[in-house]
Each structure stands twice: as C-alpha cells, then as structure tokens.
Amino acid sequence: MQDIKYLPGVGPKKAALFASELGISSVEDLLRHYPYKYVDRSRFYYLHEITENMPYIQVKGQILKFDKIGEGRNQRLSAIFTDGRETIDLVWFQGIKYVLEKYKTGVDYVVFGKPTSYNGRHNILHPEIDPLTQQAASGQLGLQPFYNTTEKMKSGFLNSKAIQKIIFPLLQTLKNGVPETLPAILLKRYALMNLTESLINVHFPKNAHALNKARQRLKFEELFYIQLSILRQTKWREQNFRGFIFGQIGHYFNTFYKDYLPFELTGAQKRVLREIRTDVGSGKQMNRLLQGDVGSGKTLVALMSMLMAVDNGFQTALMAPTEILANQHFETIRGMLGNLGVEVALLTGSTRSKAREELHERLRNGELKILIGTHALIEDTVQFANLGMVVIDEQHRFGVEQRSRLWKKNIQPPHILVMTATPIPRTLAMTLYGDLSVSVIDELPPGRKPIQTYHYYQNKRQELNKFIAKQVNVGRQVYIVYPLIQESEKMDLQDLENGYNYICETFPQYKVSKVHGKLKAAEKDYQMQKFVSGETQIMVATTVIEVGVNVPNASVMIIENAERFGLAQLHQLRGRVGRGAEQSFCILLTGFKLASDTRKRMDIMVRTNDGFEISEADLQLRGPGDLEGTQQSGLPFELKIANLAQDGKMLEIARRTAMEILEDDPTLSKQEHNILSLQLKKMNTNAINWGVIS
Ligand code: ADP
Ligand code: MG
C-alpha cells in the first residue's frame, strides 16, 4: 500500500504525526479515517443575518483594514471585514504574524466561524479564511468534513482543515476505482454503494442522501467483517480443540443437591445448570457467558458446575476480581460444602509464601480440587494436575489478557464459565463475546422484594439520619458509599474520612466499619468480617464493596455524590442490598445542580431495578466505547464508523449474513469467497488472536 508520506501536502514530518497519533501510515488508512461530523457550507450568509447562538456562519467579502491592539501577551489582531453592506470584526490572539503575512485587504475571501458579540459588535474569533477562488478547489462547497485530530497534530499544522486538504485531491485520483472489499452478491442483495463511491462520499458528500448511502455501506462492511472474523475463529476452535468430557453426574454433585443445598434452586438456575451440563458433556470445549442480575444466585451455579468437574476427576478454579470477593466466595463455598469431603483452598496476593508452597504442592499432586482466588491463581508458578474447568466471576473486571492466560494452564483448554452481573446489551455482547454461548438467570430467588430507590438532595440529611436510625433499630445494616477516601481541595465532594467521623458522632450508639482500597488486605478483611457478623451496623466504604459482597441483612445502601458514578456502577452498588427477605432501600444523594445526563441517570435508577434496561440506557447515554467494563479490556475491534448503540439492527443482519456464508463454506476456501479471506487476513495481521480467548 502506498505510503502517505508521498502525498501532496504531507511529507515526512506530518506522516510521522499521522503514524504516531492516529496509526495512519498508508493511503488506505487515511481513506478509512472517516470524518466525525459535517458542516453544511453550501450556503453563504449576509452579515445582517447573524443571530444569537448561531453555531457558525459563512460569508463572502473583503478585509478593509487590520489593527494590532495591545502589547506583548495581551496583544490581539483585529480586522474589519465587510460583505459589502455591513461590517464585522475578525479577531486573533495567536498567530498574528502569520495572519498578517497571509491575508490582504481588498481580496475576495470566504470567512467561516462562530459569531459572537463583544461590546455590542459582532465578531468571529480565529476564523477560517480562504480565497474565494480556491474554495471550490478544496472541495468546500457543500458538506464539509471534520476530522478527529490530537493536540500534537494541531501544533504540527495537522488540523482538520489540513487533513481535508490532503484527502480532497486524493479522492480525485480514486475516480478510476479502488478494489472492492465486499462480494458483489452482498452489494446487490443489500443495495449497497460500492467502495469507491462510498469513500468519495463519506469524505466529500455530493449531498445528504449520498452521504447516508456511503455511511450505510461502510458500517455494514465494518460490522460484517468483525462478525465473520469472530465466527470463523469459533468454527476453527470447535474443529481444533476437543473439550474434556464430564460424562457423569456423580457422588459429589448428587449428595450436595440432595443433602447440602440450603434452598430450592430457582427455575432459571436449573435451566442454566442444564445448559452447562450439556456443554461439558458434548466433547466440545465450553465457553459460556452467564449473565445474571446482582443477587440472582450465580455463585451457587458456579459451585454446582465445579462439582460436575470434581465428580469427573478434574480440578477447578474460581477467579474473582478482588480479595474481598475471593475471600467471601471461599467462606461461602467452604460453608456450603460442609463435610462433603471436597478439598477447597484460597489463593490471593496475601497468601503467605509458606502456605502458598504447600498449596502449589497439593495442586500439583491433584489433592486440591477447588481453588478459589484472585488473579494470583493464574500466575505462572501455579500448576494444576488436571484443570478441567475455570469459572471467572465478574468477568468484566478482568482484562482479556488475564483470561487468555488460563488457556496456557493446560495443553487442552479447560471449560470456561464467565459470569457477569453487568448485563451486556445484546449488540455489544455480539461484538465483544460473539463467540461465547450465553446463559441468562432472569429470575431472582423467591421472597425478594424489589429495592426501593430514592433520589435526595444533600439537604435532606436530617431525615436521612432518622431513617438510618429506624432501620438499624429494627436490626438492619446500612452501607454508605463515598466517591473519595479523603477530602480533596480540587473537588467539592463528600469523602469517606469525614463521613466516617460524621457518622460516628451522629450515631454514637452504633458501631461502624470502614473499608477502602488503601487498607491492607488483612484490615479490609477484618472490617468486612465485623460487618458480615453483624458486630458493626454501619459500613462506610468506597466502591471496593461494589462487586459481589453478600450481606443479606444489610437493607440500606446510601450513595453519596451519586452524580459521580456511572449507571452500571450505581446498579452494582445497589445490588449489595435487597439480598434478604426484608424490604431494602437505595438512596442516591446528589447536589442540586445536575447536568441533564446525570439527572437522566438518577431517573433511570429510581424507575427500574432491571439490569438489562439499565445497561441499554447506559449504552444510549454514553455510547459503547465508554460502557463500563468494556473500556478496560476494550472492544476487540476498533469501530471507526458503526455505532453499537444505534446500529443494532444492522449488526444482526451482518451477523446472520456472516453465519450463512460460514455454514456454506466454513474455511472460506471457495473461489467466490477469496475476497473475504483476503480481507480477514488483512484485519488479523494487526489484531490479537481474539478467537482463542474466552
Ligand atoms: P450473585 O448472582 O449476585 O453473585 P449470589 O450468588 O451472591 O448472587 O446470591 C445472592 C444470595 O442469594 C445469596 O445469599 C445466596 O445464598 C442466595 N440464593 C442463591 N440462590 C438461591 C435460591 N435458589 N433460593 C434462595 N436463595 C438463593
Ligand atoms: Mg456474585
């Protein structure tokens, strides 16, 4: 592919900027750097048409005179500009010397920018100016593209305008056509614009309709190849990896079910267990995502799945994202197993080296059946005798790399069950985990009352204190979550240290636990345990308690500065209560002044307890790139033009199309599919091999 360095207006310096800032080095990369917005520049205004709050204006006319005002750093340049009838001031604070050299009085210019007013006169700060004669030549009559750039690029004279000036002439040379990347049959079936036309129109649209057609095609192409890539990997994996076969449901599972299970399984739990049972007995390696709202009872499903492995002579591991959670799982599971006779151990960052060595030994000789821990359990030194299944709790907290390391623990990969309480909207799941089978627990254990959620302003503190007292006096426990550990001078937010003092003073009769991320693990654990055992009635904490913690007697969750938290996080925090039979409450405290998005978040939380509805709303409000839990691991493929919040329908079509093609030709070796394997190869040269990762 042609290097952009040789394009007119680029050169080695700008090429280096393109490469380092945006990863663009070939002409093709550049053409795939799509504009993020367009501004209609087909219309010229007159100066008398300027009104309050116009986003921009484009006028024709001449500069009458320049005026330098002020000295040194306060210097500015002002020019009187006329459209032949009225005048306006053009103002520069920077680049004064450059402006004076470049622009002259008495020349016909096109001026573009946002009008503002100052001292009763209209003006435009740092306007865009082009000689009238050049305007058409730079492709600027019509919808003008705007390109993403970075600060570094801007200071290297590579702003959106400069990119536009590089791309416009390039497109003229394309008219003969670039090689098509989609099979003709798909172009025809979905009436898609061809690639050449699409590239031309996405950068410099002939009109709004053409732009729309171009974007449709490019979006489809993007989504289609992502799906094709994911699905082909899945096929490949199915063909190349055998899965351990758990042929029987045996002693441990059955005894546990008959004699140890403290309650009846919900219908959803039973269904999911059957799905898992089918997977692990099939001879294929399981890769299953278990979605279930907070409190839906995923831990039990995990435990019973692990017993299937143990019954078949395998070891299993359960990995949790935090020490608190790993500890809790360990306690819960050890408690539930009682004297069933299955060896369980805990491995975290705080496990002493002596105990650790002993544990390693028991893993290697196969004595230890269930290992529970943090990511400490995927360290290289940990070796299993025969690891048959791994469960990953709250999987969104883990990076993809960590998950992939599990694969290296065996020659043959273990069955993998990943669990999440952050329900992932369908479209996102299809992109992120397109190769996973999905199970859903869509039913809460019986007897739970929906949590009541209220949004209060911070001036309601007195009422809130009364409410806390009332709840504690009838035997309940209360969480209070703060956005900060310590007071910050920069931000006017409630902090945990002050909050702790305030609570201790306000409620001298109660005992208070304090948990945050800066505490030593042992101290955290001690504070947690005091709350779990009911010795303390109130827990002040940061979001370290967000994930998984289970104290059924806690019935109130108070979130200070709730405006600081995202929807997924708020929902997770709320999920810490409502785990017992009592009515639970969640109180969202905020300041008075709220941005409209924040207000919407509060309203959604008050309106619904449904995690799926919340995550859909989150996707709409924030866009997929920001969706909590995905920014860490990132989307496996960068989306340049498609938008998962908006293009769900198209994604489904793309996925179905890709599936049909692979059904017919799993290895894409038919002649007419050459174009597909060629494109996939191109995509995969830069991408990590996501297909082998859960
Ligand atoms: P999560 O899905 O959020 O991980 P947990 O596994 O922590 O939920 O379960 C939440 C609570 O519900 C626990 O106290 C657990 O013992 C209880 N629970 C799980 N399944 C059932 C059931 N079928 N009936 C009654 N309680 C259950
Ligand atoms: Mg859990």
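Every read-out reported here was derived from the displayed coordinates using simple, explicitly stated rules and does not represent laboratory data. Predicted model, so just to flag it, every value in this text is computed and none were measured. Note: ideal-geometry Cβ built from the backbone for every residue, glycine included; neighbour counts use all protein chains shown.
Points to keep in mind about this one:
- Using the alpha carbons alone, the radius of gyration of the range 452-608 stands to its Kirkwood radius in an Rg to Rh ratio of 0.93.
- Rounded FRET efficiency, nearest 0.05, which uses the C-beta distance separating L340 from F241 and R0 of 35 Å: 0.65
- Full-stretch length increase - T506, T381 - with 0.36 nm per residue and alpha-carbon distance subtracted: 40.0 nm
- Using alpha-carbon coordinates, inclination of helix 267-281 to the longest axis of the chain, degrees: 90 degrees
- Extension gain, E86 back to Q2 (0.36 nm per residue minus Cα-Cα distance, nm): 25.4 nm
- 18 Å reach of a label modelled at N159, 7 Å along Cα-to-Cβ, counting backbone N of the range 1-41: 10, 14, 18, 35-41
- Between amide H atoms placed 1.01 Å from N, distances below 5 Å from C586 occur with Q452, T453, Y454, M557, all of them 5 or more places distant or on a separate chain.
- With Cα atoms, 0 to 90° folded angle of helix 611-622 axis to the chain main axis: 20 degrees
- Alpha-carbon geometry of the range 43-141: the Rg and the Dmax are 13.1, 38 Å, given in that order.
- Two-decimal Rg/Rh across the chain, once Rg and the Kirkwood Rh are taken from alpha-carbon atoms: 1.04
- Annotation: peptides 195-207, 306-318, 375-387, ranked by per-residue average of other Cβ atoms within 10 Å with the highest first, follow the order 306-318, 195-207, 375-387.
- Ordering Y479, H455, F531 by the projection of their Cα atoms onto the charge dipole of the range 452-608, which places +1 on the Cβ of Lys and Arg and -1 on the Cβ of Asp and Glu, puts H455 at the extreme positive end.
- Under 30 Å from the Cα of K213 - lysines, other chains or at least 8 residues apart: K37, K114, K161, K165, K175, K188, K640, K649, K670, K681, K682
- Degrees, to the nearest 10: 521-532 long Cα axis against longest axis of the chain: 70 degrees
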